[in-house]
Amino acid sequence: MSRVCLYVDGFNVYHALDVKYPHLKWLNYWKLAEAVLQTKDRLVGVCYFSSFVTWKPEAVMRHKLYIKALQSVGVTFVRGPFKTRDSFCHLCRKSYKTHEEKQTDVNIAVTLLADAVENRFDKAILATADSDLLPVIITLRRLCPDKRIGIMFPIGRNSFDLRQNADFILRMPQSLLEQCQFSDTLVIGKETLARPQNWK
């Protein structure tokens, strides 16, 4: 029996859903991982990597609510920061502030490699289409050749580099995402969590 871990690049999946599939954002990643297991697989962990957009208070509230829902089914949340940086527009010749997600790729890479070296899985599934994560896949295959790593591409996304270097490929079709939603209302202890209105 193969032990399987899922590692989710939170914003990569979120942005894949944001425009056409906002009603699928209330996604239960534990259930999604179980849905793609093979007969002799056993799910042993799901890690969700993301950051809070602290300059948008309503979005932060939704995100924290969602993370509570994920944690209630056993998903581990690994938080990275957003950094503010100065940018310059060459058209209008003005400076402006932008926000950039930091450390998520590093957090995914470090967690994935640590789990492999500490023998926490036999197969890893990386939910992303971000080719910046290619080096960790190559390194994992070199350091732990007995481990298998697959890519689960977010709906509508792809990456030639990731595809060429993965042991197997999975997808997130709309029908699967619809099957793996949380209930509209979750009761966790004395707390009730409801799907955000704009995720319906």
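Quick notes on this one:
- Gaussian network model of the chain, springs between alpha carbon atoms under 10 Å - residue of 164, 103, 181 with greatest fluctuation: 164
- Helix-only [θ]222 nm of the chain, DSSP H runs n ≥ 4, -39500 (n - 2.57) each, per residue, nearest 500: -10000 deg cm²/dmol
- Given charges at beta-carbon only (K, R positive; D, E negative), |dipole| of the chain in Debye: 340
- Gaussian network model of the chain, Cα within-10 Å springs - most flexible of 19, 44, 110: 19
- The GluC sites (Glu not before Pro) of region 115-200 meeting both criteria, a DSSP state outside H, G, I, E and B (loop) and at most 13 other C-beta atoms within 10 angstrom of the site's C-beta, are 118.
- Secondary structure note: in region 2-199, about 35% of the DSSP beta bridges are antiparallel.
- Note on region 103-200: antiparallel DSSP beta bridges, both residues inside, total approximately 30 percent of the bridges counted.
- Between 150, 189, 74, the Gaussian network model of the chain with springs among Cα atoms under 10 angstrom shows the greatest mean-square fluctuation at 189.
- Gyration tensor (Cα) of the chain, equivalent ellipsoid semi-axes in angstrom: 27, 24, 16
- Rough spin-label spacing in nm, given labels placed 7 Å along Cα→Cβ, for residue 19 and residue 169: 2.2
- The amide H of residue 8, built 1.01 Å from its N in the peptide plane, has 47, 48, 49, 127 as neighbours under 5 Å, considering only residues 5 or more places off or on other chains.
- Computed label-point distance, nm, for sites residue 37 and residue 178 using a 7 Å Cα→Cβ extension: 2.5
- Theoretical FRET efficiency, 1/(1+(r/R0)^6), r = Cβ-Cβ of residue 54 and residue 113, R0 35 Å, to 0.05: 0.75
- Paramagnetic label reach from residue 106 (point 7 Å along Cα→Cβ; backbone nitrogen cut-off under 18 Å): within region 129-148, residues 132-137.
- Whole-Hz ³J(HN,Hα) from phi, Karplus 6.51 cos²θ - 1.76 cosθ + 1.60, for region 44-53, glycine and proline x: 10, x, 9, 10, 10, 10, 6, 9, 9, 7
Only the coordinates and a few stated rules stand behind these numbers; no lab work does. Everything numeric in this text was worked out from a predicted model, so none of it was measured. Every residue, glycine among them, receives a Cβ derived from its backbone with ideal geometry; neighbour counts consider all protein chains shown.
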